[in-house]
Structure formats: C-alpha cells, structure tokens
Amino acid sequence: MNRLKTFLLMALLTAIFLLLGGLLAGNEGLVVAFVMALAVNFFSYWFSDRMAISMTHSQPLNESEAPEVYRAMRELTQNAAMPMPRLYLMPTEQPNAFATGRSPEHAVIAVTAGLRRMLDYEELKGVLAHELGHIRNRDILIGSIAAAIAGALMFVARIGMWGGAFGGSNRRNGGGAVMMVLRLVALLLAPFAALLIQMSISRTREYGADAAAARFSRNPRGLAGALAKMEQYARRRPMQGINQAAAHMFIVNPFSAKGLTALFSTHPPIEERIARLQQMQSEGNY
C-alpha cells in the first residue's frame, strides 16, 4: 500500500508540474516542467535523507556525545527486529525529532538538542520509538517526497510570479484575459495544493507511528508525556530557520498552530494522540 502511495504521489507531482508549466509558458513550459518533475522525483527517492538533513542543518551524532540516545535506540531496534538507523543532531532548543530515508536500511533519525535536555529516558525512548515506527511503516520516503513537492510547487509559483511581472509568454502563446486568469488561479493554488498534499499523507501516519511506538517501547505513557512537553514548548517558541515545507516530517508541528491555522496543520491534535496512548496504556493493548 505504501509503495502505491509513493507512486501516486510522484504521479501527482508530475501532473501538477505539467499543468503549471503549460499554463505559465505554453509548450516550452510543458517541456521544462516535465524535466523538472523527473529531476525532483529522482532526487526525492535517492537523496531524500540528504535533503532532509540539509534542510534542518542536522549533523551526525556520535555515541560518545549521546550515549543515552544510542542505548535507547539499541533497545528499540532489538524489540522491533530492525536495523540500527543513523543518528543525527539538529542544533535547536525546541524538543523535536524526525525520521527520513528511502528504506529501513537507509534510514536516519534526527533529534534536537532540546529533546535530549528536556525529556527523561522513557520519554526519549517513546520519541525514538515513534520515529522507528515511521521507518517500519515505510512512511519516511513518502514524507520526504511530500517535502520536495511543497518546495518545488512554491518554486514554480515564484517563477510564475516573476514571469507575470515581466509580461510572461502571452505574445508567444496567444494569451488573453482568460489565460491570464488561469495563470493567476494556478499561481495562487500552488502553495495551497502543497499544503493539502502534506496534510493528506501526514495525519494518519502519525497515529500509526504512535501505535508502533507503544509496541516497541512497551510504555505508551513515555511517548504521551513527551508529546505534552514538546507541544507546550512549540507553542511558546516556534522553530526558527526551518523551511515550513519540512514541518510534516517532525513528530510535533515545529511551528505554532493556533485558531484557524490549526485546521490546516499537517499533524493531528496532540490531545487526541495523547488520549489514544493513554487508552492503550490503561487497556494494556500494545
């Protein structure tokens, strides 16, 4: 099922690029958009881990620097019968984490400096188990491609705005009032389409990774406590210096999502996630 989702996601990316390219620059734009789509799909699949690491400024985390992280990860991978992922550190005070990579054999888990300082050992294990759940469920490739889609659509929209500012290709392609309206609609909807793609694939993935974390760590309470702390901090101090296209990769939304903004969040409500974990704990269903 996840392979099918990945294929459909790549096909959707190609279709959106072709549509925008044709509307913005006619036949020439169609060819350029097709080449761009192939390039983004290729790099998203083979270099998704490097892209995420670069976007978040993460650096390799050595065992001598974080023995507790390696100890927890060894316990979890043994419980889950999975290979050990590469571990990275993201230099930010907000407690958070993400996983990336195209397969369990090429997986990366990155934790923030604030996560190591603010969580106790059981909470840390819960967070790492959640990310391991994404890897087991093969969510990480889809998430990385979604980040590439969001960034690419924003790029295309900006190119279109510049083209419109300088007259675009109206004369070459016989553009009139209708075509100008279509271009404007496409440019306005491109960022919204990126957000919808992120939302559609992110929310259900989080519930599945939470359930997997409860099984791997054998302690749903640890992840529940971690989520409460992380959400509280993120609301007070949204993450700085990170592209919002990568928000869906994190275990907790790194940006503030209040009021109407919360309706378009890439993450399900923390309260609902905690309630599900507490129910699993009380029922012993993990």
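The values are calculated or read from the model by the stated rules, or taken from the named source; none is laboratory data. Note that the structure is predicted; figures quoted are calculated from it, not measured. So basically every Cβ, Gly included, is an ideal-geometry build from the backbone, and we count neighbours across all protein chains shown.
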Surrounded by fewer than 23 Cβ atoms within 10 Å (Cβ to Cβ) and either assigned to a loop (DSSP other than H, G, I, E, B) or at pLDDT 95 or above (or both), is that true of residue 254? no
Test residue 58 against the criterion of being modelled with pLDDT under 85 and buried (at least 16 other Cβ atoms within 10 Å of the Cβ), and give yes or no. no
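Yes/no matrix, rows are residues, columns are (1) loosely packed, with under 15 Cβ neighbours inside 10 Å; (2) modelled with pLDDT of 85 or more; (3) closer than 20 Å to residue 12 by Cα:
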position: 80; (1), (2), (3): no, yes, no
position: 112; (1), (2), (3): no, yes, no
position: 115; (1), (2), (3): no, yes, no
position: 138; (1), (2), (3): no, no, yes
position: 149; (1), (2), (3): no, no, yes
position: 153; (1), (2), (3): no, no, yes
position: 160; (1), (2), (3): no, no, yes
position: 166; (1), (2), (3): yes, no, no
position: 170; (1), (2), (3): no, no, no
Examine segment 15-22 for a residue that is modelled with pLDDT of 70 or more, surrounded by fewer than 21 Cβ atoms within 10 Å (Cβ to Cβ) and farther than 30 Å from residue 188 by Cα, and state whether such a residue exists. no
Tell me, please, whether a residue that is among the aliphatic types (A, V, I, L, M), surrounded by 15 or more Cβ atoms within 10 Å (Cβ to Cβ) and modelled with pLDDT of 65 or more can be found in segment 174-181. no
Residue that is nearest to residue 58 (Cα to Cα) [pool: residues in segment 213-233 that are buried (at least 22 other Cβ atoms within 10 Å of the Cβ) and either in contact with a Pro (Cβ under 9 Å, 6 or more places away or on another chain) or modelled with pLDDT under 95 (or both)]: 230
